[in-house]
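Only one structure is covered here, and it is reproduced in the block below.
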Amino acid sequence: MTDPTCKACQGGWPREDHFIADLGLSKAYLHEDQFFPGWTVVAFKRHATELFHLAPTERIQLMEEVNLIAQVVAQAYEARKINYELLGNQLPHIHWHIIPRLANDPAPLEPVWRVQHEPLLRSGPDLRNTVQRLQQAIQKAR
Ligand SMILES: [Zn+2]
């Protein structure tokens, strides 16, 4: 089920060239802003805006999928901590932000949204290499 007015349902975000993996109920993407390296998005495939709109079995599976990505990026980036964020104020379609916070984090006590910065966009071989590295790590972890 998709919502014709929803940017996530219509393929407008996250970007397809940042696609990492189909996890089952959700898909993982590299976030377009890599100022925080390894920032990943896990987007629910069908349109839903709240966790309580999901069946209990879907909630459990979705958390397993979020957990898999968190574990993979934690290892790949040697994170000190993973941040999990499910907001949806700007885009009301269930998507988790999985954000590794590294040893050299510029503001380790702040949520990323409060850290002013220029977005660090990646493209070309740089983007493809990062996506491939995470794809291989997911295959090993599954
Ligand atoms: Zn949607």
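The values are calculated or read from the model by the stated rules, or taken from the named source; none is laboratory data. Just so it is clear, the model here is predicted, and its values are computed rather than measured. Cβ atoms come from the backbone with ideal geometry, glycine included; neighbour counts cover every protein chain shown. Note: areas computed on protein heavy atoms with side chains; ligands, DNA, RNA excluded. Shrake-Rupley method; radii C 1.70, N 1.55, O 1.52, S 1.80 Å.
Exactly one residue out of Tyr77, Tyr84 is among the aromatic types (Phe, Trp, Tyr) and either within 16 Å of the ligand (Cβ to nearest atom) or closer than 27 Å to Thr5 by Cα (or both): that is Tyr84. If you check Glu118, Glu64, Glu78, Glu50 for being open to solvent by 20 Å² or more (accessible area, probe 1.4 Å), out of contact with any Phe, Trp or Tyr (no Cβ under 7 Å at 6 or more places or on another chain) and without any contact (Cβ under 8 Å) to a residue 24 or more places away in the chain, only one passes: Glu64.
For region 87-103, the criterion of a residue being over 16 Å from Phe19 (Cβ atoms), open to solvent by 80 Å² or more (accessible area, probe 1.4 Å), in a helix (DSSP H, G or I) and of a type outside the set (A, V, I, L, M) is satisfied by no position. Among the residues that make up region 60-76, is at least one of them more than 15 Å from the chain's Cα centre (by Cα) and in a loop (DSSP other than H, G, I, E, B)? No: zero hits. Of everything in region 1-21 that's within 22 Å of Arg133 (Cβ to Cβ) and part of a loop (DSSP other than H, G, I, E, B), which residue is nearest to the ligand (Cβ to nearest atom)? In this case the residue turns out to be Pro14. Restricting attention to region 30-47, and to residues there that are assigned to a strand (DSSP E or B) and within 16 Å of the ligand (Cβ to nearest atom), which single residue is surrounded by the most Cβ atoms within 10 Å (Cβ to Cβ)? So the residue we want is Val42.
Within region 126-141, which residues are open to solvent by less than 80 Å² (accessible area, probe 1.4 Å) and not small (Gly, Ala, Ser)?
Taking region 126-141 as the starting set, the residues that turn out to be open to solvent by less than 80 Å² (accessible area, probe 1.4 Å) are 126-127, 130-131, 134-135, 137-138, 141.
If the condition is that a residue be open to solvent by less than 80 Å² (accessible area, probe 1.4 Å) and not small (Gly, Ala, Ser), then Asp126, Leu127, Thr130, Val131, Leu134, Gln135, Ile138 are the ones that fit.
One residue is enough: does region 48-60 have a residue meeting the conditions away from the ligand (no atom under 16 Å from the Cβ) and within 24 Å of Gln139 (Cβ to Cβ)? For region 48-60, residues away from the ligand (no atom under 16 Å from the Cβ) and within 24 Å of Gln139 (Cβ to Cβ): present. Only a single item in (1) outside any helix (DSSP H, G or I); (2) over 12 Å from the mean Cα position of the chain (by Cα); (3) surrounded by 14 or more Cβ atoms within 10 Å (Cβ to Cβ) is not met by Gly24, and it is number (3).
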